[in-house]
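Right, one structure below, let's go through it.
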């Protein structure tokens, strides 16, 4: 019984784990902001952001969850992302939380050891980057009205044209999934080549 209790304690996030998770979350958010600054002014590229972020940030995510092999790492990163990117919109924020929990469940299924389940977890995690766009399915008119007030001009017009089709939100989720798959593949290769050999993870 004592061994079981001790084992359960080791699965809880420690202060050191929280520091690592927070550091990786900060790196992830800085990378998101940098990418958004580069592509966020062009409507077509902005719509493609879930795919772009998925491809480019897989290595950061996988490095964080394989370094801190405990429940909560993915959730911490996604929550911080949600706080900054969603404006606490209830729909978008909920999507982020659900995607993070699904990612955590995948890692748990893999018993914090399976590289395949870590990769699958990133696909679910990356759906959170499409959270703002998923609002189109629930409140399209309100989303477009807010876009016009916030952005205005040619950018808003371009976004409205891209988001007008009813299937636009499905396409964006698809981009997030495909980006997550590619990012997981690239991230897995980079970690195996550079970090596993150095025994960092």
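Observations
- Nearest-ten-degree value, helix 15-39 long axis tilted from longest Cα axis of the chain: 30
- Relative to the longest principal axis of the Cα atoms of the chain, the long axis of helix 131-150 lies at roughly 50 degrees.
- Relative exposure of 73, 86, 14, judged by other C-beta atoms within 10 Å (fewest first): 14, 86, 73
- Max mean-square fluctuation residue, GNM over the chain, Cα-Cα springs under 10 Å, options 87, 187, 110: 87
- Across the chain, the mean sequence separation of Cα contacts (distance under 8 Å, 6 or more residues apart), normalised by length, yields a relative contact order of 30 percent.
- Its DSSP H runs of at least 4 residues, each contributing -39,500 (n - 2.57), put the calculated 222 nm mean residue ellipticity of the chain at -26000 deg cm²/dmol, to the nearest 500.
- Shape call, the range 77-123: gyration tensor on alpha carbons, a/c limit 1.5: prolate
- If you run the Gaussian network model on the chain, springs between alpha carbon atoms under 10 Å, then out of 138, 185, 93 the most flexible one is 138.
- Of the residues 139, 74, 31, the one that moves most in a GNM of the chain with alpha-carbon contacts below 10 Å is 139.
- Helix 153-163 vs. the chain, principal-axis angle (Cα, 0 to 90°, nearest 10): 70
Bear in mind these aren't lab numbers, they're just calculated from the coordinates by the rules spelled out. Model, not experiment: these values are computed from the prediction. Heads up, the Cβs are rebuilt from the backbone with ideal geometry, glycines too, and the neighbour counts pull from every protein chain shown.
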